[in-house]
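Any read-out appearing in this document is the output of simple, stated calculations on the displayed coordinates, not a laboratory observation. Not measured: the values here are computed from a predicted model. In this analysis, Cβ positions are derived from the backbone assuming ideal geometry, glycine residues included, and neighbour counts consider all displayed protein chains.
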């Protein structure tokens, strides 16, 4: 398990959440979204993406492949 800090675009809360080393970015985005969408962020009918250091990460890239480390900060947004 890898604890990350995530901020969903449009939210004001930084959320601590846990992902698995083999999770693809699509799963990482969903794991953060459950803590923001329909709570403080309106749902949209668009796919989500994970952004690290200003760069969007491919949906199929895993946590390991992205080099994410415990307590790294990621952003999730609608495309």
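Numbers for the structure displayed
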{"quantity": "Beta bridge orientation in the chain: antiparallel %, DSSP, nearest 5", "calculated": "75"}
{"quantity": "Gaussian network model of the chain, Cα within-10 Å springs - most flexible of 16, 57, 39", "calculated": "39"}
{"quantity": "Additional length obtainable on full extension of the chain from residue 42 to residue 15, 0.36 nm per residue less Cα span", "calculated": "8.0 nm"}
{"quantity": "Cα→Cβ-extended label distance, 7 Å offset, between residue 5 and residue 27, nm", "calculated": "2.5"}
{"quantity": "Radius of gyration and maximum dimension Dmax of the chain, Cα, Å", "calculated": "11.3, 31"}
{"quantity": "D_trans [Stokes-Einstein, Kirkwood Rh over alpha-carbon pairs] for the stretch 1-42, 4 °C, 1.567 mPa s, µm² s⁻¹", "calculated": "124"}
{"quantity": "Normalised contact order of the stretch 2-78, rounded percent, pairs of Cα under 8 Å and 6 or more residues apart", "calculated": "43"}
{"quantity": "Residue-averaged [θ]222 nm for the chain, counting only DSSP H segments that reach four residues, each worth -39500 (n - 2.57)", "calculated": "-4000 deg cm²/dmol"}
